[in-house]
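A short worksheet on the structure shown next.
Just so it is clear, none of the values below were taken in a lab; they were calculated from the coordinates. Since the model is a prediction, treat every value here as computed from it, not as a measurement. Don't worry about glycine lacking a Cβ; one is built from the backbone with ideal geometry, like all the others, and counts go over all protein chains shown.
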Amino acid sequence: MGYHSWTYTCAHCNFEEMRVCTDGYFHLEMCCPICGYAMWTEEKVPRTQDVELAKLSLSKMSVEEQEKAIEQFLEDNIPLVIGSKRTLLNGE
C-alpha cells in the first residue's frame, strides 16, 4: 500500500500544516510542530497554556517563520512552544 503523508489543520492551535502520515495499513501518525499535539498509538494533548502560546505565536509569525518552525521540528522533534519555553528558561 505504501507510505502517504499530507497536511491537516490542528484541532488545538489551528495550524494549517500539521503533518499526518500513514503506512497504508492501520498505522496513523499526526503531529503538530507548533503546539505539540500528537497522535500515534496514544494521544498526546498539549496543555492549555501551550495551545494559547501556539495560537499567539502563529498570529505573529510570517509564512517563512512557520516554514522554519516546521523544519526545526523535523530536525529535533521539539514543537515550537516547547522550544520557545526552553529558550526563555535558559535566558537565550
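Points worth noting:
- Peptides 6-18, 28-40, 57-69 ordered by average Cβ neighbours within 10 Å, highest first: 28-40, 6-18, 57-69
- Net charge contributed by nearby residues that have their C-beta within less than 15 Å of His27 (K/R +1, D/E -1): -3
- Label assignment, Cα Rg over 2.2 N^0.38 Å derived from the structure, set [x] 1.18; [y] 1.10; [z] 2.37: [y]
- Contour minus Cα-Cα distance for Ser5 and Lys68 (0.36 nm per residue): 20.8 nm
- Charge-dipole axis of the range 4-89 as Lys and Arg at +1 and Asp and Glu at -1 on Cβ define it, positive-most pick from Ile34, Thr48, Cys10: Thr48
- Long-range HN-HN contacts of Phe15 with modeled amide H, under 5 Å: Cys10
- Helix-only CD estimate at 222 nm, as mean residue ellipticity for the chain, using -39500 (n - 2.57) per DSSP H run (n ≥ 4): -12500 deg cm²/dmol
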